[in-house]
Every structure is written in C-alpha cells, then in structure tokens.
C-alpha cells in the first residue's frame with residue numbers, strides 16, 4: 001500500500017522531480033564513466049609504458065572521485081530539500097488523515113529509493129556509453145593503431161558508483177526523516193503561506209555599487225595581466241581578492257542597476273511585464289547574490305582549468321611532435337652557470353669527467369667506448385649516424401643584448417615568468433657547422449651564414465617573440481674578436497629529441513669565431529639508430545646513465561622518441577581527463593543549484609503570477625517574463641565567468657608558453673560546447689518546469 | 001439608452017461528472033442583468049454559489065450550461081487566449097486581500113494594469129497620477145504596499161481595477177479584511193467610481209457593505225432567491241431592509257471569510 005502511494009507520488013510529481021532526476025543521472029553517468037576508464041578493454045590494448053600512465057590516471061581519478069562524490073552528495077541533498085519543501089502540505093494531509101509518522105518515513109524513503117534506482121539504471125546506461133567514448137579516446141592517444149572500438153563494462157567502477165550513490169541516498173533518507181520528524185503539523189499545513197519579507201535596497205546606491213564593482217573587476221584584470229600567474233606576488237593576491245570582491249559586488253548590485261537603468265527608459269519600463277520581472281529580480285537579489293557569485297567563480301575555475309589544462313598538454317604535444325626528429329638525444333653537462341655570481345662552475349664528475357676528457361669531450365666516441373662496460377652491442381651495430389652540438393658560453397649577457405638593441409626580454413615575456421635578474425645570464429653559442437650537421441641529420445637544408453653574420457636560434461615559445469625582435473633589429477655583437485650582425489630571421493627549429501622545447505636565443509656563429517677557450521658547459525648528441533635498434537639503444541643509454549663503472553661517459557639526460565611520445569600522451573590523458581571530469585561536475589553543480597533556486601522561487605511566486613494572469617496578462621507575456629527572469633539568473637553568472645576566463649587565459653597563455661605554443665585545441669572547444677549544452681539543458685528544464693508551476697489554471 | 005453590460009442567462013454549474021448521480025449543482029439556472037452604471041451587490045450564505053457565480057463572470061471558471069454576456073460578448077464562446085485579452089480590456093478586479101504585488105510601488109501596481117494592456121508609455125504616468133488624485137491616494141504612490149494601511153491598499157487596488165476603463169468591475173468581498181472606518185472609505189471610493197461611470201458587481205456577505213449598492217441580488221442553494229432595490233431609501237433604511245431579507249433568507253448567514 002505504502003509502495004503504491006510512493007510510486008504514485010513519484011509519477012504525479014514527475015515534473016518536479018525532473019531537475020533532481022536529471023542531476024542524478026548526469027552525476028552517476030560521469031562518475032561511472034571516469035572511474036571505468038582504467039579497467040576498460042580499449043585501454044588494456046595499450047602498450048606497457050602507456051598502461052603505467054593509465055594506472056596513474058586511474059589512481060588520480062579515484063582520489064578525485066572522493067572529492068567529486070562529496071560535491072555530488074551536497075548537490076543531491078540540496079535538490080532533495082527543494083522537493084521535500086514543495087510537498088510539506090501533502091505530508092500534512094497524510095498526517096491529518098491519521099497516517100503514522102513512521103509510515104510517512106517509509107513513504108518518503110520508498111520514493112527516494114524509486115528515484116534512486118531509476119536514476120542509477122539510466123545513469124549507468126548513459127555512463128556506459130560515455131565510458132566507451134572516453135576509453136577508446138584514451139587508447140587512441142597512446143596508440144593510433146588500435147583497431148575498431150572495444151566495448152567493455154567495468155564491474156569495479158559499477159560497484160564504486162552504486163556504493164557511492166547508495167551512500168548518498170542513505171544520507172538523503174536520514175535527512176528527510178529528520179525533517180519530517182522535527183516538523184509540526186501546523187508548520188507543514190501553513191508552509192506555503194509563509195510570508196517572504198523583502199528587504200528593498202536603495203536604487204541609486206545599487207547604481208553606484210555596480211559601477212564600483214565593474215571598476216574593481218577592471219583593476220583586478222589589469223593587476224593580473226601586469227603581474228602574471230607564476231609567482232605568488234602580492235599583486236596576484238590582490239587581483240584574486242579584488243576579483244572575488246568585485247564579483248560579489250557585481251551580483252549584489254546588478255539587479256538594482258538594471259532596474260534603475262530601465263526605469264530611466266520609460267517606454268521600455270512601462271511595457272508589458274518588464275516592470276514586474278525587474279522588480280522580481282531585484283527583490284530576490286538579496287538571497288541570490290551570494291550563490292550567483294559563487295557560481296560565476298566556480299564556472300570560471302571550471303572553464304579555466306579545462307582550457308588551461310588542455311592548452312598545456314596540447315602545447316607539450318606540439319613540442320613533442322617538433323622534438324621527435326631523431327631517434328634519441330643525449331645531453332652531457334660539464335658545468336653550470338651560477339646565476340648569483342655570474343661565474344661558471346665545473347661540475348664534480350670525478351672519474352667520469354676524466355673519461356670524457358680522455359675522449360676529448362667527443363660524445364659519440366666516448367659512448368662507443370662505453371658499450372663494453374654495460375654489456376651492450378657495439379656502437380656501430382646500433383647507430384646509423386650521430387651529430388654533436390657543443391654549447392659554449394659566449395660571454396654576452398642578456399643585459400649586453402639589451403644595451404646593443406634597446407630591446408629588453410622583459411617586454412616580450414609574460415609577467416612573472418622570468419626572474420628579475422636575468423640580465424647577467426650569458427647566451428650560448430654554437431658553431432654553424434655543427435648546427436647544419438644536426439639539421440642535415442634531421443633531413444633539413446643547411447642554413448647559409450655569411451662571414452660577418454650570426455643567426456639567433458630559439459625554439460622556446462616563451463622567448464620566440466623576443467628572438468624575432470632581436471633578429472629583426474639586426475643586432476651587432478662582438479664574438480671571437482669579430483663584429484657580427486644578426487641575420488634578420490631567427491631560427492626556430494628544434495634540433496633534439498625532447499618533450500619540452502627550451503633553447504633560448506642561442507647564437508649560431510661562423511666556425512672560426514668559436515674560441516676553444518670559451519667554456520664548454522654542455523653538449524648534445526643527436527642520434528639516428530639503425531632500423532630496429534631503437535630499443536637496444538635506449539637500454540644501452542640507460543645502462544650508461546646508471547652505471548658506476550668509471551669507463552662510461554657522463555650522461556645527464558636521455559630522451560628517446562618512444563619515451564617522449566608516451567610521456568606526452570600519458571600526460572595529455574591525465575590532465576585532459578582530470579580537467580574535464582572536475583570541470584563537468586562543477587558545471588553540473590552550478591547549473592543544478594541555479595535550477596533548484598529558480599524552481600523554489602517560482603514555487604514561492606505562484607500567487608504573483610496567478611494575480612498577473614487574472615489581471616489579463618496573456619500566457620505568452622507571462623512566459624516571456626519568466627523566461628527573461630530565469631535567463632538572467634543563468635546568463636549573468638555565465639557571462640561573468642566567461643569574462644574572468646578570457647582575462648585569465650591571457651595570463652595562462654604566458655604560462656603555457658613555458659611548455660610550447662598555445663593551442664587551446666579542439667578538445668577544449670568540444671568540452672566547452674558540452675559544458676554549455678549541459679548548462680543550456682538545465683536552463684530549459686528549469687524554464688519548462690517553472691512555467692508549468694506558474695501556469696494559470698482555470699479553476 | 002444604456003444597454004445591459006452584464007447578462008447572466010440561465011447559468012448552471014455542475015461539479016463532479018457530466019450527468020452522474022453524484023453531481024453537485026453549484027448554480028442552477030441563474031439569470032439576471034446588470035445595466036451600465038449600476039452598482040450591484042450579490043449576497044448569499046456560505047455555499048450559496050455566489051463565489052462560483054463571480055468566478056464564472058470573471059472568466060476564471062467555466063459554466064456547465066447557459067450563457068454570460070459582458071458588453072455584448074458571450075464569454076463562454078471565447079477561446080482561452082481571447083479570455084486573457086478579454087479580462088485585460090473588459091474586466092477590473094478587486095479582491096478581498098488587495099493582492100498588490102509587494103515588490104512594486106503603488107504607482108507601479110496601478111500602472112501594471114496599463115502596461116499589460118500595452119498602453120502608450122507616454123500616457124501611463126499621467127493616467128496613474130490622475131486616478132490616484134481622484135481616489136485620494138496620491139501621497140502613497142511611491143510607497144510599497146507594506147508601508148501603507150489596508151484601506152489604502154484596497155483603494156490602490158480599486159484604482160488598478162478601473163484605470164483600464166473596463167466595462168465591468170468585479171469586487172470579491174473587498175471589505176472583508178478591513179476595519180469599519182477603512183471599509184467606509186473604500187465604499188465611498190466605489191461610490192465615486194460608480195458616479196464616474198464604472199459598473200460594479202460586488203460579492204459580499206456583509207449587510208453594511210451591501211447597503212452602498214443600488215440593488216442586491218440574493219442567492220441561495222445555487223438559485224436566485226430574490227432581489228432588493230434601494231430606490232429612494234437612505235443607506236440606513238436600505239441597510240435595515242437588507243438585514244431583514246438576510247434574516248428571512250434562513251438566518252443561516254454565517255460570518256464566513
């Protein structure tokens with residue numbers, strides 16, 4: 001009997017349940033989909049290196065899921081409170097009819113159970129679909145050769161999802177029981193007669209506050225753009241505080257501002273229900289401004305993390321694509337620049353250093369002589385050809401360049417990304433013959449360099465504008481006793497295997513300008529392997545690096561194509577999936593809270609809409625006012641969030657340049673569109689539900 | 001010669017099934033006319049059907065049988081879209097609790113009836129001022145409903161009801177929530193509006209309130225029970241006749257809200 005009543009109740013108030021159900025389904029679907037990635041068939045086909053990355057991804061997602069579950073729990077409880085409030089009167093009726101409170105608990109628990117089971121079923125079904133897309137996407141990130149689409153169901157993720165949501169429903173039932181237990185019959189009966197009191201604010205004050213809010217937000221944007229993100233400077237703190245204060249003030253005053261502005265335009269104000277809906281808006285602002293501010297900031301964080309996160313991985317992927325011209329690159333470093341003193345300090349390499357010196361710092365020769373010590377095949381069996389580039393300190397500092405050209409590196413690089421004392425840093429120089437040899441090894445044409453010329457070689461995105469400006473200024477420098485003039489075009493080629501492009505303004509000079517006395521601080525060896533020898537060469541290199549045998553060459557960094565590719569795609573997967581997962585849940589949370597607030601409002605305002613209908617306002621006019629009202633509540637936090645995001649992205653672009661060139665990429669565009677779609681659907685569901693609530697029914 | 005503004009012709013309202021045995025007749029063949037410029041009261045005990053009748057006239061409820069014509073148009077033939085337009089242009093409402101929107105000032109509350117009509121924004125402020133002045137509520141125009149007295153609220157509601165120059169003003173227990181002094185002021189306002197040309201139909205159970213009308217229509221058990229005309233009586237005399245009639249009506253008039 002109680003079950004029948006509960007089922008009938010759910011069916012009867014299906015429209016009220018719509019937002020609640022929709023939120024549950026989305027939450028469950030996303031929760032399952034992300035937790036199931038690691039266990040999927042598609043991912044199981046990924047190679048070993050990639051699988052490690054996927055294990056990391058699964059681990060991180062599991063941890064994040066705890067946090068996500070908490071957000072979803074709050075959301076479900078919040079949504080459920082709305083439903084319960086709507087039905088106080090119904091519960092009162094049951095009690096008046098003599099139903100025991102215990103039975104009431106049972107009805108309420110059964111309803112939660114019915115909605116819970118239904119949403120789990122639908123949510124898991126949708127989650128299965130999303131999961132297939134995500135895991136096949138992940139698989140193709142690691143290995144483009146995965147054929148076909150693998151379908152799989154992850155029992156673990158399923159169990160986790162059911163457990164998490166069962167817990168959430170249990171908490172909901174307990175809270176509902178608490179609510180019903182505390183409620184007195186008289187309060188339930190009079191629930192919808194509760195008078196809301198409106199605290200009205202001075203309109204001129206709102207007007208001024210709104211302008212102040214815009215100015216504060218403007219100042220915070222300026223502070224952020226001038227000072228950047230990386231260093232935790234007081235300006236950054238100030239920008240953060242100001243943007244929050246500005247946002248809150250904005251939502252505190254925006255409704256009053258809109259009202260005041262419209263009042264000044266009589267034909268607009270005295271038209272249809274404009275007056276009514278603007279007054280409604282400003283009356284609700286007192287209770288709504290905090291949540292709207294929080295939602296705007298949350299949307300901002302969600303969008304920035306998705307765009308920024310995906311931007312960073314895309315930049316890294318682009319660098320990686322650039323940095324895979326050779327099968328492997330080896331770097332040996334013999335000295336380090338001490339930035340404080342401006343002195344070059346030799347590293348303590350001990351016997352390894354002696355071994356390097358004995359081989360005259362010729363890396364290919366030294367490494368070839370190391371094969372025996374680590375039990376690797378002979379060098380010539382593995383290596384097709386190799387080119388070495390020696391980086392020597394030119395004695396020319398960035399400060400000198402600034403003096404010679406009048407161009408400062410600080411004007412070209414985003415604020416906060418460089419330390420303040422870069423002026424003393426010396427530039428590297430390399431011989432053009434080595435530079436061209438490396439180009440040829442990569443299948444590129446050599447560059448032509450005149451007797452009195454040097455080229456600026458820069459592959460770091462961060463400083464590319466600066467390098468172009470230097471080249472264009474035809475800077476003149478004293479190198480090796482000659483005055484050399486910069487070629488007007490900077491070289492931006494990456495001549496090593498690497499995931500992160502990092503050569504900053506290296507000077508490429510004629511061979512006879514290279515002085516043996518200039519300190520050689522690091523050398524780079526680019527290697528093309530014989531076919532099929534890549535893996536053997538990779539393990540040889542790691543053997544050398546790990547070896548304690550003094551008869552091996554000192555190696556400080558090894559990067560092979562397969563390592564770079566696996567790293568970059570693994571990193572892509574981890575960062576993009578996390579950003580999308582968190583971002584999606586945040587967007588759902590924001591939209592659901594907005595939706596529930598608007599529905600609560602609509603429920604509270606039924607009498608007002610009824611009066612307006614009695615006064616003869618056509619249904620279309622009333623629907624229009626409701627549409628505008630709810631539209632503003634959804635649109636403004638989104639607009640402010642987008643504005644904040646656009647500003648923040650200006651700075652994020654600078655940060656991303658540390659990793660390479662920014663490309664927000666299709667993934668983030670698709671993600672944003674998906675976010676907007678979810679947000680839009682919430683808006684529509686809210687509007688339609690609210691419209692149905694306030695619809696004037698002839699008795 | 002002014003015609004009938006309101007014609008109620010053989011109106012029946014049945015609840016619960018079209019011809020089922022359990023059907024209840026709320027109205028049973030009620031007929032009467034209201035002429036232009038009249039001020040008519042409808043009285044009857046609780047459950048007599050007077051509220052149902054008013055709801056039917058105000059197009060908020062539907063009839064089972066019969067016809068209601070307002071300004072010559074049969075409202076039972078209007079489609080629901082036309083009904084809203086009809087209420088907007090032809091009817092004015094005053095409810096028991098003033099039903100002013102508490103988020104709007106009095107001025108805006110009165111103007112709302114005109115903006116819904118999409119009246120020209122240039123003429124709205126003038127018309128509102130003018131009406132407020134006539135009803136003596138000019139000084140309350142920029143206040144919010146919670147800042148003014150119940151009587152002032154009801155007069156503002158009356159101003160809202162007549163500002164669109166409707167054919168018919170419908171008042172449902174307008175003095176129900178007022179003390180006697182405010183009731184008197186409101187009824188004087190009604191009298192003033194009536195002299196200015198408004199046709200008013202007012203439902204009340206209170207003889208004092210009813211004594212302001214020109215004519216009282218009594219309803220009992222869904223049927224017309226009789227009517228009283230004031231003719232040349234003073235209000236006091238008319239009041240006595242009304243009290244006598246309601247006593248005869250069965251003495252069942254309860255003080256129902």
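The values are calculated or read from the model by the stated rules, or taken from the named source; none is laboratory data. Because the structure is predicted, anything quoted here is derived from the model rather than measured. Glycine also receives a Cβ, built like all others from the backbone with ideal geometry; neighbour counts cover every protein chain displayed.
What to note about this one:
- Those residues of segment A:608-620 which are farther than 21 Å from residue B:119 by Cα and facing chain B (nearest Cβ under 8 Å), in sequence order: A:608
- All conditions but one from (1) under 17 Å from residue B:199 (Cα atoms); (2) assigned to a helix (DSSP H, G or I); (3) within 12 Å of chain A (Cβ to nearest Cβ) apply to residue B:125; the one that does not is (1).
- Yes/no for residue A:235 being part of a helix (DSSP H, G or I), more than 13 Å from chain B (Cβ to nearest Cβ), at negative phi and at pLDDT below 85: yes
- Residues in segment A:243-267 that are touching a residue at least 40 places away in the same chain (Cβ under 8 Å) and facing chain B (nearest Cβ under 9 Å): none.
- Taken over segment B:87-108, the criterion of being facing chain A (nearest Cβ under 8 Å), within 12 Å of residue B:160 (Cα to Cα) and over 13 Å from the mean Cα position of the chain (by Cα) is satisfied by B:88, B:99, B:101, B:108.
Per-residue answers, yes or no, for (1) touching a residue at least 40 places away in the same chain (Cβ under 8 Å); (2) surrounded by fewer than 19 Cβ atoms within 10 Å (Cβ to Cβ); (3) under 14 Å from residue B:95 (Cβ atoms):
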| residue | (1), (2), (3) |
| --- | --- |
| B:138 | no, yes, no |
| B:151 | no, no, no |
| B:177 | yes, yes, yes |
| B:180 | no, yes, no |
| B:186 | no, no, yes |
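- Pair list, Cβ under 7 Å, 6 or more apart: segment A:163-174 residue more than 14 Å from residue A:84 (Cα to Cα), other residue surrounded by fewer than 19 Cβ atoms within 10 Å (Cβ to Cβ): A:168/A:73; A:171/A:73; A:171/A:77
- Answer residue from segment B:53-67, given it is within 14 Å of chain A (Cβ to nearest Cβ), in contact (Cβ under 8 Å) with a residue 60 or more places away in the chain and outside any loop (DSSP other than H, G, I, E, B) and is farthest from residue B:206 (Cα to Cα) among those: B:57
- Some residue of segment A:484-500 being touching a strand residue (DSSP E or B) at 6+ places or on another chain (Cβ under 8 Å), surrounded by fewer than 17 Cβ atoms within 10 Å (Cβ to Cβ) and not in a loop (DSSP other than H, G, I, E, B): yes
- Residue in segment A:112-129 that is free of Cβ contacts under 8 Å to residues at least 40 places away in the same chain, in the same structural domain as residue A:20 (by TED's automatic domain parsing) and under 20 Å from residue A:77 (Cβ atoms) present: yes
- Annotation note: of B:232, B:221, B:206, the sole residue that is closer than 16 Å to residue B:54 by Cβ and surrounded by fewer than 20 Cβ atoms within 10 Å (Cβ to Cβ) is B:206.
- Test: residue in segment A:8-26 that is surrounded by fewer than 16 Cβ atoms within 10 Å (Cβ to Cβ), at pLDDT 80 or above and either part of a helix (DSSP H, G or I) or not assigned by TED's automatic domain parsing to the domain that holds residue A:132 (or both): yes
- Test result for residue A:320, more than 22 Å from residue A:459 (Cβ to Cβ), touching a residue at least 24 places away in the same chain (Cβ under 8 Å) and surrounded by 13 or more Cβ atoms within 10 Å (Cβ to Cβ): no
- Checked against the criterion of being touching a residue at least 60 places away in the same chain (Cβ under 8 Å), touching a helix residue (DSSP H, G or I) at 6+ places or on another chain (Cβ under 6 Å), outside any helix (DSSP H, G or I) and more than 30 Å from residue B:126 (Cβ to Cβ), segment A:345-368 has at least one qualifying residue.
- Matching option when the condition is in a helix (DSSP H, G or I), within 33 Å of the chain's Cα centre (by Cα) and either closer than 29 Å to residue B:147 by Cα or modelled with pLDDT under 75 (or both), among A:229, A:223, A:209: A:209
- Selection from segment B:68-79 of residues that are within 14 Å of chain A (Cβ to nearest Cβ), surrounded by fewer than 19 Cβ atoms within 10 Å (Cβ to Cβ) and touching a helix residue (DSSP H, G or I) at 6+ places or on another chain (Cβ under 8 Å): B:78
- Matching option when the condition is part of a helix (DSSP H, G or I), away from chain B (no Cβ under 14 Å) and over 35 Å from the mean Cα position of the chain (by Cα), among A:544, A:574: A:544
- Residue within segment A:643-662 that is modelled with pLDDT under 90 and surrounded by fewer than 17 Cβ atoms within 10 Å (Cβ to Cβ) present: yes
- Residue A:552 being under 27 Å from residue A:393 (Cα atoms), buried (at least 20 other Cβ atoms within 10 Å of the Cβ) and modelled with pLDDT under 90: yes
- Screening residue A:542 with (1) surrounded by fewer than 18 Cβ atoms within 10 Å (Cβ to Cβ); (2) in contact with a helix residue (DSSP H, G or I) (Cβ under 7 Å, 6 or more places away or on another chain) gives one miss only, at (2).
- Test result for residue B:29, outside any strand (DSSP E or B), at pLDDT below 90 and closer than 20 Å to residue B:226 by Cβ: no
- Of the residues making up segment A:268-283, none is part of a helix (DSSP H, G or I), closer than 22 Å to residue B:102 by Cβ and away from chain B (no Cβ under 13 Å).
- Take the conditions (1) touching a helix residue (DSSP H, G or I) at 6+ places or on another chain (Cβ under 8 Å); (2) within 30 Å of residue B:44 (Cα to Cα); (3) modelled with pLDDT of 90 or more; (4) more than 14 Å from chain A (Cβ to nearest Cβ); residue B:132 misses just one of them, which is (2).
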